[in-house]
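Chemist: One structure is given below, represented as structure tokens, and several questions about it will come after.
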Amino acid sequence: MNLQKIVVGVDGSPGSAAALEWTIQQAGANRAEIIAIHVVKPVATSSFAAAVGTPRYEADCFGPELTSNIAQAFFEPLKASGIDHRILSARGHPAAEITRIADDEDAGLVVVGNGLNSTMDEIFLGSVAHALTHSARRPLVIVPTHPFDDAVAARGRTQPAAEGKGALVA
């Protein structure tokens, strides 16, 4: 796998912060460039709301100064890492735009965080991560929001056995 470029989707959520942190570690280890992309998604509006000037994209709901301040704080770990990177912004549906950028950049890996949204699949993955599992044409990593919990191990993960082999704990 060619890891010269890694595309990471970011939206300011805890899941995307975890994805960005993981990507920084991987890019550092592989001397890869990070291409962080923030996709401003469309706001669902009625035809009447669109006709009277309701914002069509999420970012249009906030002032540019607020949006810029939030972005600067969120990307500080990336800027401080010293790793070659670019920060891109696009408008559209996040999974489609992340896929398009990854293809355009010939990225070796796409990274996103998981999130909590509406349907059962999306509750466990996040809507963007869920969509990418169906549409990504490149290797995809979905980074969990929370690190591995030792309490999970006590509820059935593999535990070391006496002979050094894994044994399931019921």
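No value in this document is a laboratory result; all are computed from the given coordinates. These numbers were taken from a predicted model, which means no experiment stands behind them. Virtual Cβ from ideal backbone geometry, glycine too; neighbours counted across all protein chains shown.
Chemist: What FRET efficiency would be calculated for the residue pair Ala96, Gln4, taking the C-beta separation as r and a Förster radius of 22 Å, to the nearest 0.05?
Modeler: Approximately 0.40, to the nearest 0.05.
Chemist: Please compute the modelled spin-label separation between Val141 and Arg31, points set 7 Å along Cα→Cβ, answer in nm with one decimal.
Modeler: Result: 1.8 nm between the two label points.
Chemist: Mind ranking 32-40, 103-111 by how tightly packed they are, going by the mean number of other C-beta atoms within 10 angstrom, highest first?
Modeler: Going by the mean number of other Cβ atoms within 10 Å, highest first, we get 32-40, 103-111.
Chemist: Then there is this: Taking the Cα-to-Cβ direction at Thr133 and at Ile87 and moving 7 Å from each Cα, how far apart do the two end points lie in nm?
Modeler: 3.0
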